[in-house]
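The values are calculated or read from the model by the stated rules, or taken from the named source; none is laboratory data. Just so we're clear, the structure is a prediction, and the values are computed from it rather than from any experiment. No Cβ is skipped: glycine too gets one built from the backbone with ideal geometry, and neighbour counts run over all protein chains shown.
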Amino acid sequence: MLDSVDRQILSLLQRDATLSVQAIAERINLTTSPCWRRIQQLEAQGFIQQRVALLSREKLDLGVDVFVFIRTDQHNDEWLNEFSRALQNMPEVMEAYRMSGDVDYLLRVVVSDIKAYDAFYKRLVSQVKLADVSSSFAMESMKYTTALPL
């Protein structure tokens, strides 16, 4: 179970994984050695899955978010495995969810422009049998964070 010190460590790390152990320890009023042990324990327990760099989508010309709503008439393990494999080989797919309700799957796809999305769409429908695909392009990002609410 996480205590308040562990939550403070996680909060700091998820906002800036480059912080040194010393900097983290100072911010939470802990000495370096116990802080380091706690971080190692949080990693061993799987609370910290990985440390990554967040890149500038604008500088990389990847500023378009597309939400793709997918319906299928195939509800079996074989189709699901085929669909999952296809998604794993499509780096444009940032997130994929199996949904309840009217839509079976929701994808968040990041591309440079509509032409790039069209190429993605053609690859997707050529690899997996889908009953219906509809897309919505985000006009503005009003909030985006990778920090979980601790």
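Residues checked against (1) modelled with pLDDT of 95 or more; (2) more than 20 Å from the chain's Cα centre (by Cα); (3) over 29 Å from L10 (Cβ atoms):
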site: M90; (1), (2), (3): yes, no, yes
site: M99; (1), (2), (3): yes, no, no
site: E140; (1), (2), (3): yes, no, yes
site: L150; (1), (2), (3): no, no, no
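Every residue, every condition in (1) closer than 28 Å to N76 by Cα; (2) touching a residue at least 24 places away in the same chain (Cβ under 8 Å); (3) surrounded by 12 or more Cβ atoms within 10 Å (Cβ to Cβ), yes or no:
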| site | (1), (2), (3) |
| --- | --- |
| Y105 | yes, yes, yes |
| R108 | yes, yes, yes |
| V111 | no, yes, yes |
| A116 | no, yes, yes |
| R123 | yes, yes, yes |
| A131 | yes, yes, no |
| S141 | no, yes, no |
| Y144 | no, no, no |
| A147 | no, yes, no |
Select from the stretch 95-120 the residues that are within 16 Å of A131 (Cα to Cα) and of a type outside the set (S, T, Y) and list them in ascending order.
R98, M99, G101, D102, V103, D104, L106, L107
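Matching residues to (1) modelled with pLDDT of 95 or more; (2) under 20 Å from R123 (Cα atoms); (3) surrounded by 15 or more Cβ atoms within 10 Å (Cβ to Cβ):
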position	(1), (2), (3)
I24	yes, no, yes
I28	yes, no, yes
C35	yes, no, yes
G46	yes, no, no
L60	yes, no, no
V66	yes, yes, yes
F69	yes, yes, yes
